[in-house]
Amino acid sequence: MAHLRSSRSSRSRRLTLAALPLGVALAAAVGFGPGATAAPLDSPAPVAPQAAQAPAAGKLAYVVNTRTDAKTIAAVKKAIGKADGTVVVTYRKIGVIVAHSANPDFGKELRKVRGVQSAGATRTAPLTAAGTTEEGAPTFLSKDRADRAKSGQQRAGSGGAAAEPLEGDQWDLRAIGADKAAQINPGSKKVTVGVIDTGVDDTHPDLAPTFSAKQSASCVGGKADTSPGAWRPAKKEHYHGTHVAGEIAAARNGIGVAGVAPGVKVAGIKVADPVSELFYPESVVCAFVFAADNGIEITNNSYYVDPWLYNCKDDPDQRAILDAVNRAQLYAQRKGTLNLASAGNSNHDLDADEIVDESSPDDSTPVKRTIDPHKCLDLPTQLPGVVTVSATGVYKAKSYYSTYGNGVVDVAAPGGDRRYQIPTDTPRKDGGILSTMPGGEYAWLQGTSMASPHAAGVAALLKSTHPKAGPAELQRLLKKQADNPGCPDKPYDPDGDGKVDAVCKGDKNRNGFYGYGIVDALDAVTKK
């Protein structure tokens, strides 16, 4: 399945849910480079979200990255045809062409074409059904309790008169002052957070009031489909994006839960394949461009781009993926979009000399490899200008699964820890994050997938307070206002087995566990 950062699968590098009991600098360094700005050159008719967005049997999808002038792009498109390829969509302003081909030498042939700067396959096997391995299913709220929460009959035991019915279990809101912030400024409806994910169920009673359909789409396969409902999850089991959306902007409407920024808008940009739930590069490229071109101020990215957990620039296919995704996210930044991403659930040190990756590629047969995280990057987490978010639990310690890294992690936020950080003052005493699920349901999840949307919600409050602030200024404020616990005094050994599980480097100002600190929603609406 897609690599959500919420421990849904043993390959939890992806969606950043930690399995429940579930820049220019890089552009130069990697040799990337057009002055990226992107709008589709070709405007094909919308394709149904589960229709022919994927290549036919035996074909692979490719990204071909070129210079951005019209003459070069026309010549490259002609070369794609000669190499037995077909163009799916062209993002002219960033010089990215998505193509399909069954020619095994397609990438090699295109890399020889004048004007092509990189080209490579975005997968290692033709698209087929893929199973998922859950580390633990979500813990759902009982139907009776959920029904009472939706009817407003159940009130929270804490949080004040304005508390939502289930807010007593939302320790995460209180941890960053979001409950108090909502009483001062819940966020502006002029600000939209785009959830690039598995899709969002906008019919959920907690999401319907804040959902922006006009800024939502399916980008599965690489081109945007804005037909009604295209942004919804393909299956109820693809719940990740709906949970993330609720964490950001579930309405304070007397129903269910509340989001960090309940007054802002939330949009869904679906990128998860409807069968495998993988997040392929061409879909992510489309999502960043769509967000930028549709006035979305902030995007949340709780996943990693498949099929590689880390993309190495010395591999031609992985280099092309790096190039394409980086062009798209830089384009979004230039258009005024701040991108936030989860750090990952592997407890990896992204500032280490080496990391063993045993999960890639995840769309065929993984091969164990040792990589240098300074040269092989987790996308979009390690791209320039992207805010990298690690996860904390109720006691503000690093969550046991959270990836970290001095100089890599920017900020931390509540992602939950259902093993070692269990709240004692909530009704259910669950250390996970409670939020919305498809079909009007609610459940607890944990992961850096849950941390990133908390930070995105705080960024949305900052944008509401400082409407003229661009991505760089929002990021500066997010870091400045964060509260840093500093590295722990004792060795990090949450399971108490005497073995150090992670080493925190840095100081009170910035360190590998928390970056500049844990985000602060109350400061976001009270400090100028």
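Which residues, taken from region 398-407, are open to solvent by less than 30 Å² (accessible area, probe 1.4 Å) and in a loop (DSSP other than H, G, I, E, B)? Quick ask: steps written out before the conclusion?
First, pick out the residues of region 398-407 that are open to solvent by less than 30 Å² (accessible area, probe 1.4 Å): 398-399, 401-405.
Selection gives Ser399, Tyr401, Ser402, Thr403, Gly405.
Would you confirm whether or not region 411-427 contains a residue that is more than 17 Å from Ala482 (Cα to Cα), in contact with a Phe, Trp or Tyr (Cβ under 7 Å, 6 or more places away or on another chain), among the small types (Gly, Ala, Ser) and crowded, with 21+ Cβ neighbours inside 10 Å? So that I can check it myself, show each step before the final result.
From region 411-427, those more than 17 Å from Ala482 (Cα to Cα) are 416-427; that's our starting set.
Now drop any that are not in contact with a Phe, Trp or Tyr (Cβ under 7 Å, 6 or more places away or on another chain), which leaves 417, 419-421, 423, 426.
So of that shortlist, the ones also among the small types (Gly, Ala, Ser) come out as none.
No, the conditions are met nowhere in region 411-427.
Mind checking which pairs have a first residue in region 470-497 that is farther than 19 Å from Val387 by Cα and a second that is in a helix (DSSP H, G or I) and not basic (Lys, Arg), Cβ under 9 Å, 6 or more apart or different chains?
Here the result reads none, with nothing in region 470-497 linked to a residue that is in a helix (DSSP H, G or I) and not basic (Lys, Arg).
Of Ser360, Ser346, which residue is of a type in the set (S, T, N, Q), out of contact with any strand residue (DSSP E or B) (no Cβ under 6 Å at 6 or more places or on another chain), open to solvent by less than 10 Å² (accessible area, probe 1.4 Å) and in a loop (DSSP other than H, G, I, E, B)? Break it down into steps so the answer makes sense when it comes.
Values: Ser346 fails: open to solvent by less than 10 Å² (accessible area, probe 1.4 Å).
The conditions single out Ser360.
Among the helices (runs of 4 or more DSSP H) confined wholly to region 105-188, which include 1 or more residues that are out of contact with any Lys or Arg (no Cβ under 9 Å at 6 or more places or on another chain) and modelled with pLDDT of 90 or more? Don't jump to the end; show me each part of the working.
Numbers: elements: 106-110, 143-151, 171-175, 178-184.
In region 105-188, the matching helices (runs of 4 or more DSSP H) lie at 106-110, 171-175, 178-184.
If we keep just the residues of region 241-277 that are at pLDDT below 95 and surrounded by fewer than 24 Cβ atoms within 10 Å (Cβ to Cβ), which is nearest to His204 (Cα to Cα)?
That would be Pro274.
Give region 202-228 a look and list any residue that's of a type in the set (D, E, K, R) and open to solvent by 20 Å² or more (accessible area, probe 1.4 Å), or say none.
Our first condition is that a residue be of a type in the set (D, E, K, R); within region 202-228, this holds for 202, 206, 214, 223, 225.
Of everything in region 202-228, those that are of a type in the set (D, E, K, R) and open to solvent by 20 Å² or more (accessible area, probe 1.4 Å) turn out to be Asp202, Lys214, Lys223.
Applying the selection to region 320-337, what residues are more than 16 Å from Thr68 (Cα to Cα), β-branched (Val, Ile, Thr) and assigned to a helix (DSSP H, G or I)?
The one that is more than 16 Å from Thr68 (Cα to Cα), β-branched (Val, Ile, Thr) and assigned to a helix (DSSP H, G or I): Ile321.
In region 471-490, what residues are open to solvent by 40 Å² or more (accessible area, probe 1.4 Å), within 20 Å of Thr299 (Cβ to Cβ) and of a type outside the set (Gly, Ala, Ser)?
Kept after step one, since they are open to solvent by 40 Å² or more (accessible area, probe 1.4 Å), are these residues of region 471-490: 472-473, 476, 479-480, 483, 485, 488-490.
Next, only the ones that are within 20 Å of Thr299 (Cβ to Cβ) stay: 472-473, 476, 479.
If the condition is that a residue be open to solvent by 40 Å² or more (accessible area, probe 1.4 Å), within 20 Å of Thr299 (Cβ to Cβ) and of a type outside the set (Gly, Ala, Ser), then Glu473, Arg476, Lys479 are the ones that fit.
Given (1) open to solvent by less than 10 Å² (accessible area, probe 1.4 Å); (2) part of a loop (DSSP other than H, G, I, E, B); (3) among the hydroxyl-bearing types (Ser, Thr, Tyr), identify the lone condition not met by Tyr395.
(1)
The values are calculated or read from the model by the stated rules, or taken from the named source; none is laboratory data. Everything quoted here is computed from the prediction, not taken from an experiment. Every residue, glycine among them, receives a Cβ derived from its backbone with ideal geometry; neighbour counts consider all protein chains shown. Side chains are part of the model used for accessible areas, which takes the heavy atoms of the whole protein and leaves out ligands, DNA and RNA. Shrake-Rupley method; radii C 1.70, N 1.55, O 1.52, S 1.80 Å.
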